[in-house]
């Protein structure tokens, strides 16, 4: 498989009217953070209609399957995506982590007020605002998150401080 096409992955979900918020590293990159990410992390709205659209695009357009070290092909299902857990998928456009909820049980509806709309490949997409990403990383004890936190805080400072004319 070639290198991930993360923007196209997001645009494909959006073009199928899937409701989601980009919450991981790509949300930070979209807001100017100088970090590298190799996957897309989303929190999806867990309504029956949205989950049906999500499963349809995952299985029939993106050839999604759970990342499985044994080589088994396990497709995402409505039942699994209806829960608050995490589905770590591989698609034909790159890795996609589909999350029912993130830290503190925050689901789509809880995160929506803390997101902003950006344009990706002619689609308006919700991304978690940088300040919320910083807040989440501050609460993490993972070394990887602590390293990224410094970059996110600096990016937030640079993008929110007034600039001299």
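Laboratory data are not the source of any read-out in this text; all were calculated from the coordinates shown. Just so you know, these numbers come straight off a predicted model, no measurement behind them. Note that each Cβ is placed from the backbone with ideal geometry, even for glycine, and that neighbours are counted across all protein chains shown.
Name the shape class, rounded, prolate or oblate, that the alpha-carbon gyration tensor gives for the range 1-84, where a ≥ b ≥ c are the square roots of its eigenvalues, rounded holds for a/c under 1.5, and otherwise prolate holds if a/b is larger than b/c and oblate otherwise.
Because a/c hits 1.5 or more and a/b fails to exceed b/c, the range 1-84 counts as oblate.
For the chain, what value does the Rg/Rh ratio take when both radii are computed over Cα atoms and Rh is the Kirkwood radius, given to two decimals?
That ratio equals 0.97.
If you stretched the chain out fully between residue 60 and residue 160, how much longer would it get, using 0.36 nm times the residue separation minus the C-alpha to C-alpha distance?
Length difference between fully extended and current span is 31.9 nm.
For the Cα atoms of the chain, what angle does the longest principal axis make with the long axis of helix 143-160, in degrees from 0 to 90, nearest 10?
Orientation of helix 143-160: about 60 degrees from the principal axis.
For 107, 5, what's the fewest-to-most ordering of other Cβ within 10 Å of each Cβ? Please report the intermediate quantities before stating the final value.
Numbers: 107 18, 5 14.
Listed from fewest to most nearby Cβ atoms, that is 5, 107.
Between residue 131 and residue 78, what is 0.36 nm times their sequence separation minus the Cα-Cα distance? Round to one decimal in nm.
Here the answer is 15.9 nm.
Springs between alpha-carbon atoms under 10 Å, Gaussian network over the chain: tell me which of 57, 151, 40 tops the mean-square fluctuations.
151
Take the chain, connect every pair of alpha-carbon atoms lying under 10 Å apart with a spring to form a Gaussian network, then pick out the residue of 76, 34, 143 with the largest mean-square fluctuation.
Evaluated over the chain, the most mobile residue of the options is 143.
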